[in-house]
Amino acid sequence: MTVKEIINKYGNKRENLLQILHDIQNQSPQNYINQEDINLLSKEMKIPASDIKGTASFYTMYSFVPRGKYIIRVCESPPCHLLGAQTIFKAIETKLDIKEGETTKDGLFTLEGTSCLGICGVAPAMMINEEAYGNLNEEKIGKILDQIQEKESK
Amino acid sequence: MSKRSIAQILVGIDGNTVLSGARNIKTKLITEINKQGLSDQVSVIETGSIGPINKGVVIGIYPTGEMYGNVTEKDIAEFIQERFIKGRPYKKLLLEEKIQPEIDLEVYDSRKTQYFGRIVLDNCGKINPEDIEEYIGTGGYQALGTILKEKTPEEVIQIMKNSGLRGRGGAGFPTGLKWSFAAQEKESPKYVICNADEGEPGTFKDRLIMEGDPHRVLEGMTICGYAIGANTGYIYIRGEYQLSIQRLKKAIKDAEKIGLLGKNIFGTNFDFEVKIKIGAGSYVCGEETSLLNSMEGFRGEPRLKPPFPAKSGFLSKPTNVNNVETLANIAPIVLNGAEWFKRFGTVDSPGTKVYTILGHVSRPGLIEVPMGITLREIIYDYAGGISSGEFKMAQIGGTAGDILSAELLDVPLDYKSLQEVGHNLGSGAILIMNNSVSVVDFLKCCMKFFVHESCGRCSVCRIGTKQIYESFNRLEKKEAYFDELKNIKELAENLNLVSFCPLGQSIASPVLSAIKYFKAELSEGINPNKIHEPVTREESGTVSSYS
């Protein structure tokens, strides 16, 4: 869908801005909102581009820099922290050779920390895109990432 | 009502069990039942969370009530054989817990800590949340039908006031009173908002309510709409809660189809529609005025109160904002009356509370218990005790909640009793920690959360959170200043006094309670010889004088 079509889907009222931004980001292959789209939005919705960016940057789910195809979001909140979130981070960092906030060279993964995902019942937990994973340990993470890499190399 | 067979297998499908393969188990169960020729006797029902978590896929048997955990696909053939052909429990996977029975008031004692039945979660784990007929079959939408035909909006508000129900989002404000404020306003349109932006770490009760019984929330919102004179409701829900969003959307569609939402509900001239707004990842948006800004498409920063949302809320119109759990209490209260509700819990805080128990306990999970039960009862009677080591501390109400030490194990958990000892009940998360946890490390983690989530609108919170975080960092490295604890305390007290919204104010809760109960342990990080160096003229241009 073009930006214009997304706006038409919800209507160009300010109250629909967040939903429109969600849709724009979701359909970007690199999981981000680019400046061109913001300029277009600004014109169509009659909101200054700076205002749109200022609003969007408030929320952690939006990004303005290209990210990997898969976004790994590891929960950093206390319940996961108690049960070993730090080891999860280390395991992923070692395996993918990136630090928090970075994207792998092949553009496949971005590693991010996140606040509570609401699945504390299976702490420590993470989400990869829309999919949630719980009761994590080093071995399990290796398997999950291997599976994705394998799928993508085909 | 869908056809009922002799026995039903309830498969709890929620965020936790899906990860363990609950959907495959459900398919496999159906295949196996057909294969063994039991399809007219045993049915398989998909439902929300049944209760125990951390037990893999959990299934329950109705009406006998026993539960099985860690069910895997290869167990199923044997399980069906044992349980339904031979007719005996399948010991290998049997759990100690049973499905909570319906409330039996004859034997009910409001202070008894036995499993006594539930109000809010009554249907969760028993009905198929995606089938509106099952909700109606358990008395759903009856409360709405009754009030639309027999009660005036004023009478509904009076019932809520009489029931003594307090908001379950954390602040505990009386619900009936809140409704009456919005009802008094003359301006229209008015809005009902369901706050489902459950961001408090460790809290996921609202998610399980929405996943397990979405119609209950819709019915509560509609009753509220009738009481305050609103025709539109919004559910503001976290972007991460995909299953809740999906189930609520289906519930809205189903209710509209048979005239329980939309125009002329129950043939009266009352109209009500419900829409969903999806959040974008911000903790502070759980605060009601931030939520309103976010709904309008702005940065989710809090607004100055007054005017309160009841006067000027969404799009500057009168608005009533309630938490998911609060709204889930409405229909049972209307149906059974205020007096019935007051038989649960304490005089000051009637009803039940849904808690999520996490951390170092044997059986972490979701429970609904009467207000006023103690932490000790929750840990030992419901959660199976401490999983390893000894009890050290508990944080109640999520990351913005108070830290309680062993000496408070016997204080009743209700709004008033906790206030008397200087604490708050908060959102319902109970995080239990054993003696392997370092207070400094834990608080550093809490503060990291606040540094990230502080919206930046007021400088005390933006800078204060960072400064307290740095202090804990120094304590961890055992390089803290001689007066570090005094400074942390002062800063936290200031945050509480002058922060613009509850986010900044609530930071004082974990920090001050930790200093109160664990001063000795925190002091270990202090280097008594480390004093604040005077700042030179060159430095003072760029950095503040005290770190």
(request) From other protein chains only, count the Cβ atoms within 10 Å of every residue's Cβ in B:355-361, then give the mean. (result) 3
(request) Evaluate E = 1/(1 + (r/R0)^6) for B:ILE85 and B:ARG23, where r is the Cβ-Cβ distance and R0 equals 30 Å; express this FRET efficiency to the nearest 0.05. (result) 0.75
(message) Within the protein assembly as shown, what whole-number % of the accessible surface is contributed by carbon and sulfur, with the 1.4 Å probe and all protein chains included in the calculation?
(response) 50
(request) Set the Förster distance to 22 Å, then compute FRET efficiency between B:ILE136 and B:GLN41 from the Cβ-Cβ distance, nearest 0.05. (result) 0.35
(message) Taking 0.36 nm per residue of sequence separation and subtracting the Cα-Cα distance, how much length would be gained by fully extending the chain between B:ASN34 and B:ASN231, in nm to one decimal?
(response) 66.2 nm
(message) For the pair B:ASN435/A:VAL65, report the inter-label distance in nm, with labels modelled 7 Å from Cα in the Cβ direction.
(response) 4.6
(message) Can you compute the charge dipole magnitude of the protein assembly as shown about its Cα centre, using +1 on each Lys and Arg Cβ and -1 on each Asp and Glu Cβ, nothing else charged? Give it in debye, rounded to the nearest 20.
(response) 820
(message) At 1.4 Å probe radius, can you tell me the per residue accessible area of chain A in Å²?
(response) 48
(request) Quick one, can you get me the convex hull of the C-alpha atoms of the range B:157-252 expressed as volume per residue in Å³? (result) 104
(request) Mind listing the long-range amide H neighbours of B:SER312? Cut-off is under 5 Å, sequence gap 5 or more, other chains count too, H placed in the peptide plane at 1.01 Å from N. (result) B:THR319
(message) With a 1.4 Å probe and all protein chains kept in place, how do A:HIS81, B:HIS423 rank by accessible area, largest first?
(response) A:HIS81, B:HIS423
(message) Among A:1-9, B:14-22, B:196-204, how do they line up by average Cβ neighbours within 10 Å per residue, starting with the highest?
(response) B:196-204, B:14-22, A:1-9
(message) With unit charges on the beta carbons (Lys and Arg positive, Asp and Glu negative) and the dipole taken about the Cα centre of the protein assembly as shown, which residue among B:VAL321, B:VAL411, B:GLY60 sits farthest to the positive side?
(response) B:VAL321
(message) Explain nothing, just compute: Karplus ³J(HN,Hα) = 6.51 cos²θ - 1.76 cosθ + 1.60, θ = phi - 60°, for every residue of the range B:184-191 in order, whole Hz, x for Gly and Pro.
(response) 5, 5, 8, 5, 9, x, 10, 10
(message) Give the B-A buried accessible area in Å², both sides summed, 1.4 Å probe, nearest 100.
(response) 3400
(message) Rounded to whole Å, give me the distance from the Cα center of the range B:405-435 to that of the range B:297-341.
(response) 25
(message) Counting C-alpha atoms alone, how compact is the protein assembly as shown: give Rg to one decimal and Dmax as a whole number, in angstrom.
(response) 25.5, 88
(request) Using only Cα atoms, tell me the angle between helix B:214-228 and the longest principal axis of chain B; keep it within 0 to 90° and round to the nearest 10. (result) 70
(request) Could you sort the residues of the range B:23-59 by number and keep only those whose accessible area is reduced by 30 Å² or more in the all-protein-chain setting relative to the chain alone, 1.4 Å probe? (result) B:ASN54
(request) Report, in deg cm²/dmol and to the nearest 500, the calculated mean residue ellipticity at 222 nm for the protein assembly as shown, where each DSSP H run with n ≥ 4 adds -39500 (n - 2.57) and the sum is divided by the residue count. (result) -11500 deg cm²/dmol
(message) Run the paramagnetic zone check for A:GLU36: 7 angstrom along Cα to Cβ, then residues of the range A:58-76 with backbone nitrogen under 17 Å.
(response) A:64-67
(request) Mind checking A:78-91 for the average number of partner chain beta-carbons within 10 Å of each residue's beta-carbon? (result) 5
(message) Per-residue Cβ counts within 10 Å, from other chains only, averaged over B:273-281: what number is that?
(response) 4
(request) Before anything else, pin down the relative contact order of chain B: Cα pairs under 8 Å, at least 6 apart, normalised by residue count, whole percent. (result) 12
(request) Give me the net charge of B:ALA400's neighbourhood, meaning all other residues with Cβ under 10 Å from the Cβ of B:ALA400; Lys, Arg count +1, Asp, Glu -1. (result) -3
(request) Output the lone cysteines of the protein assembly as shown: those with no second cysteine's C-beta under 4.7 Å from their C-beta. (result) A:CYS116, A:CYS120, B:CYS124, B:CYS194, B:CYS224, B:CYS285, B:CYS445, B:CYS446, B:CYS455, B:CYS458, B:CYS461, B:CYS501
(request) For a quick protection proxy, order the peptides A:34-47, B:457-470 by their average other-Cβ count within 10 Å, most packed first. (result) B:457-470, A:34-47
(message) Given a 1.4 angstrom probe, what's the average accessible area per residue across the range B:289-381, in square angstrom?
(response) 28
(request) Can you tell me the order of B:51-63, B:137-149, B:285-297 when each peptide is scored by its average per-residue count of other Cβ atoms within 10 angstrom, highest first? (result) B:285-297, B:51-63, B:137-149
(request) Check cross-link reach from B:LYS311 to the lysines: straight Cα distance under 19 Å, and skip same-chain residues fewer than eight apart. (result) B:LYS178, B:LYS186, B:LYS190
(message) Accessible area per residue for the range B:157-228 in Å², computed with a 1.4 Å probe and the full protein assembly in place, what is it?
(response) 25
(message) Above 44 Å lies some portion of the pair distances; for chain B, what is it as a whole percent of all C-alpha pairs?
(response) 20
(request) Note every residue of the range A:4-25 with a reduction of at least 50 square angstrom in accessible area, all protein chains present versus the isolated chain, computed with a 1.4 Å probe, or write none. (result) A:ARG14, A:GLU15, A:LEU18
(request) Could you compute the FRET efficiency for A:ASP97 and B:GLU479, with r as their C-beta to C-beta distance and R0 at 41 Å, rounded to 0.05? (result) 0.80
(request) Keeping to pairs on different chains or 8 or more places apart, tell me how many lysine pairs in the range A:35-138 have Cα atoms under 29 Å apart. (result) 12
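The values are calculated or read from the model by the stated rules, or taken from the named source; none is laboratory data. Since the structure is predicted, the reported quantities are computational estimates derived from the model, not experimental observations. Cβ coordinates were reconstructed from backbone atoms using ideal geometry, including for glycine residues, and neighbour counts include every protein chain displayed. We work out accessible area using only protein heavy atoms, side chains counted, and drop any ligands, DNA or RNA first. Shrake-Rupley method; radii C 1.70, N 1.55, O 1.52, S 1.80 Å.
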